[in-house]
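Visitor: Just passing along the structure, written as structure tokens.
The values are calculated or read from the model by the stated rules, or taken from the named source; none is laboratory data. Predicted model only: the values in this text are computed from it and were never measured. Neighbour counts run over all protein chains shown; Cβ positions are idealised from the backbone, glycine included.
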Amino acid sequence: MRISELSSHTEIPVATIKFYLRENLLHDGVRTAATQAQYDQSHVARLRLIRALIGPGGLSIAAAHQVIQAIEEPPGSVHELLGVAAGAVAGPNLDDALRALDEAGFTLPEGALDLYQDHMRQIAEFEIDNVPTESPAAAVRYVVLGTVLLEPVILALRRAAEEEASARRFG
């Protein structure tokens with residue numbers, strides 16, 4: 001397909017696709033003339049990944065480039081590849097979060113961190129067990145989108161559970 005068809009198929013403006021090509025986020029199409037190229041489903045898939053990284057993922061162009069580079073030249077193990085993906089979308093670290101609690105004078109109940117850690121370990125095991133392994137791109141997409149898009153879902157589920165627990169305890 002030509003770039004205009006790629007644009008129509010992905011709903012991404014031609015100018016944006018050309019920008020991604022210049023930034024080496026999107027691989028070149030097969031040249032058919034000096035100013036024309038043909039694109040295929042691999043370009044559609046890559047554009048969807050780029051949009052997910054930059055859109056909901058909130059990654060900068062530079063961070064998206066790191067992730068794309070890891071897909072094109074995967075590290076030695078899936079674990080390292082997932083580390084690149086997770087690192088690109090990393091939020092505040094645990095030390096910073098605990099320091100903020102301390103500075104605010106908020107004391108967690110005894111055993112709270114252990115309980116949270118146990119439950120998060122179960123969630124992490126489930127998520128990692130379900131990482132697709134058919135390609136580096138599929139694995140990175142799963143990790144990045146799973147991190148970015150599921151965190152709000154997890155928080156919403158927590159709030160709903162707290163509402164139910166509050167209704168049971170306080171009527």
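Visitor: Within region 45-63, restricting attention to residues that are under 20 Å from Ser7 (Cα atoms) and among the small types (Gly, Ala, Ser), which residue is surrounded by the fewest Cβ atoms within 10 Å (Cβ to Cβ)?
Guide: It comes out as Gly55.
Visitor: Need a quick list: helices (runs of 4 or more DSSP H) entirely within region 15-134 having at least 3 residues that are in contact with a His (Cβ under 9 Å, 6 or more places away or on another chain) and assigned by TED's automatic domain parsing to the domain that holds Ile3.
Guide: 41-54
Visitor: Also, quick follow-up: Output the number of the condition that Gly105 fails; it satisfies all remaining conditions of (1) on the phi > 0 side of the Ramachandran plot; (2) modelled with pLDDT under 95.
Guide: The one condition Gly105 does not meet is (2).
Visitor: Still on this structure, please answer the following. Of everything in region 103-113 that's of a type outside the set (Phe, Trp, Tyr) and exposed (fewer than 10 other Cβ atoms within 10 Å of the Cβ), which residue is nearest to Gly146 (Cα to Cα)?
Guide: So, considering only residues that are of a type outside the set (Phe, Trp, Tyr) and exposed (fewer than 10 other Cβ atoms within 10 Å of the Cβ), the one nearest to Gly146 (Cα to Cα) is Gly111.
Visitor: Separate question: Condition test on Leu26, is it surrounded by 12 or more Cβ atoms within 10 Å (Cβ to Cβ), over 14 Å from Leu145 (Cα atoms) and not small (Gly, Ala, Ser)?
Guide: Judged against the criteria, Leu26 is a match.
Visitor: If you check Gln66, Gln41, which single one turns out to be in contact (Cβ under 8 Å) with a residue 12 or more places away in the chain and among the polar types (S, T, N, Q)?
Guide: Gln66
Visitor: Here are Ala167, Ala156: which of them is hydrophobic (A, V, I, L, M, F, W, C), more than 30 Å from Val44 (Cβ to Cβ), surrounded by fewer than 11 Cβ atoms within 10 Å (Cβ to Cβ) and at pLDDT 95 or above?
Guide: None of the other options fit; the residue is Ala167.
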